[in-house]
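Encoded as structure tokens, the structure appears first; notes follow it.
No value in this document is a laboratory result; all are computed from the given coordinates. Fair warning: this is a prediction, and the values are worked out from it, not measured in the lab. Cβ atoms come from the backbone with ideal geometry, glycine included; neighbour counts cover every protein chain shown.
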Amino acid sequence: MTANDPARSATAFAPAGVGNIGVGFDLLGHTIEGPRDHATVRRIDECEVRVIAVRGSGEHVERIPLDLDRNTAGLAVRALHAGLALEHGFEIELDKGIPIGAGLGGSAASCVAALVAANALLDRPLSRVALYPYAIEGESASSQSRQGDNVGPMLLGGITLATLTRLLPLPAPDWLHCVVVHPDQVLETKRARAVLTDPYPLSTVVRHGAHLALFVTGLERGDVDLIREGLQDVLVEPRRASLVPGFDQVKAAALAHDTIGASLSGAGPSMFAWFASREAAEAAAPDMQAGFAQAGYDSRVWVSPVAGPKAELV
């Protein structure tokens, strides 16, 4: 291989994340320092994309299909391949480190890690924002819908506002920290979305819009009081909370530690809470775990800056 030849193999990781951030359903998300997925992508001469292996030590890894139409990484890289009309192909191997069905963005992380690795093998790599539409396409294999609240922050790091046409970074003050608790439960995204199908009263939608506006403004100003007033989910949380045994106990534990706000991470069953310092988050973490223990579930916990990492080559 000469200096001008493209690389033939690349490995990238993508971090776990908190989708929705409560008030930003399908719009907002942030990453955390914690579990990660890895993807190794090889450039091949055949003009095709294939997923050849999925590995991991967690439960249910064997349920992840190799079929491109149902594998987020494969679908995303195939979309990239088609979008750029490439004359070569890619072969993908996934190493799952994020629990499946946890509400931590595991399907999105596989998709983003594979895209970042494949992008490094292109003659002319794309920007992270240019990769975003392909990431949305890949994520749809898992959720059967299109949204960027998980893939967006994984591409850029920290907090993002992600619509179907825009991916925008939002400021995350360095004092903002979160606790994420993952119970020994699995909640399929499709089931969690099914409870949202009934219409909402206009008054609820208006309250939700007010909270979202306060929240985003609070981030822009670094104003903890505005963030706290906005970080209240009146839209999704009331319908999903009953799907997660221990939800009430965990949220009560976070509130007892003066949380800025607490809710489900993504579709659940994991839960998150924001705090105004790392010390406050570390103090709350064991009590939030105890909330799930009261409901009969073991759990894992992570404390992280809200301004979490982005996907990177390794």
Before anything else, pin down the relative contact order of the range 177-305: Cα pairs under 8 Å, at least 6 apart, normalised by residue count, whole percent. 39 percent
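Could you line up H257, H60 from fewest to most neighbouring Cβ atoms inside 10 Å?
In order of increasing Cβ crowding within 10 Å: H60, H257.
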Report the relative contact order of the chain, percent, no decimals, based on alpha-carbon pairs under 8 angstrom and at least 6 residues apart. 25 percent
Label point distance in nm, H88-L168, each placed 7 Å from Cα along Cα→Cβ: 3.8 nm
W175-V129 pseudo-label distance in nm [points 7 Å out on the Cα-to-Cβ vector]: 3.1 nm
Report, as a whole number in µm² per second, the diffusion coefficient that Stokes-Einstein gives for the range 177-305 at 10 °C and 1.306 mPa s using the Kirkwood radius over alpha carbon pairs. 105 µm²/s
Using θ = phi - 60° and the Karplus curve 6.51 cos²θ - 1.76 cosθ + 1.60, what whole-Hz ³J(HN,Hα) does each residue of the range 231-239 get, with Gly and Pro shown as x? 7, 9, 8, 9, 9, 9, 3, x, 8
Quick one: dipole size for the chain, taken about the Cα centre, charges +1 on Lys/Arg Cβ and -1 on Asp/Glu Cβ, in debye to the nearest 20. 360 debye
Sequence-distant residues sharing a close amide H with G261 (under 5 Å, placed H): W274
For the range 251-304, taking Cα atoms only, what is the radius of gyration to one decimal and the Dmax to the nearest whole Å? 10.3, 29
Place +1 on the Cβ of every Lys and Arg and -1 on the Cβ of every Asp and Glu in the chain, take the dipole about the Cα centre, and give the residue among G17, L104, T217 whose Cα lies farthest towards its positive end. T217
Expressed as a whole number of Å, what is the distance separating the alpha-carbon centroids of the range 74-148 and the range 253-305? 30 Å
Output wanted: per-residue J couplings in Hz (rounded whole) for the range 142-149, from phi through Karplus 6.51 cos²θ - 1.76 cosθ + 1.60, θ = phi - 60°, x for Gly and Pro. 8, 8, 6, 8, 10, 7, x, 5
Under a 5 Å amide H to amide H cut-off, with H placed in plane at 1.01 Å, what residues pair with D26 once short-range neighbours are removed? N20
Summed over the other residues with a beta carbon less than 10 angstrom from that of D95, with K and R at +1 and D and E at -1, the charge totals +1
Over the range 9-170, relative contact order from alpha-carbon pairs under 8 Å, at least 6 apart, %: 31 percent
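Which order do C178, C47 fall in if you start with the one that has the fewest other Cβ atoms within 10 Å?
Working: C178 28, C47 11.
Final ranking by Cβ density, sparse to dense: C47, C178.
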Using a ≥ b ≥ c from the Cα gyration tensor of the range 9-170 (square roots of the eigenvalues), is it rounded, prolate or oblate, where a/c under 1.5 gives rounded and otherwise the larger of a/b and b/c decides, a/b for prolate? oblate
Give a residue-ordered list of calculated ³J(HN,Hα) values for the range 160-171 (Karplus: 6.51 cos²θ - 1.76 cosθ + 1.60, θ = phi - 60°; whole Hz; x for Gly, Pro). 10, 9, 10, 9, 5, 10, 9, 10, 10, x, 10, x
What residues qualify as long-range amide H neighbours of G34, i.e. H under 5 Å apart, gap of 5 or more or another chain, H built at 1.01 Å from N? A16
About the Cα centre of the range 177-305, what is the dipole size in debye to 20, counting +1 per Lys and Arg Cβ and -1 per Asp and Glu Cβ, all else neutral? 420 debye
Quick one: helix 278-294 against the long Cα principal axis of the chain, what's the angle to the nearest 10°, folded into 0 to 90? 80 degrees
Residue separation between V205 and I52 times 0.36 nm, minus their alpha-carbon distance, gives in nm 50.6 nm
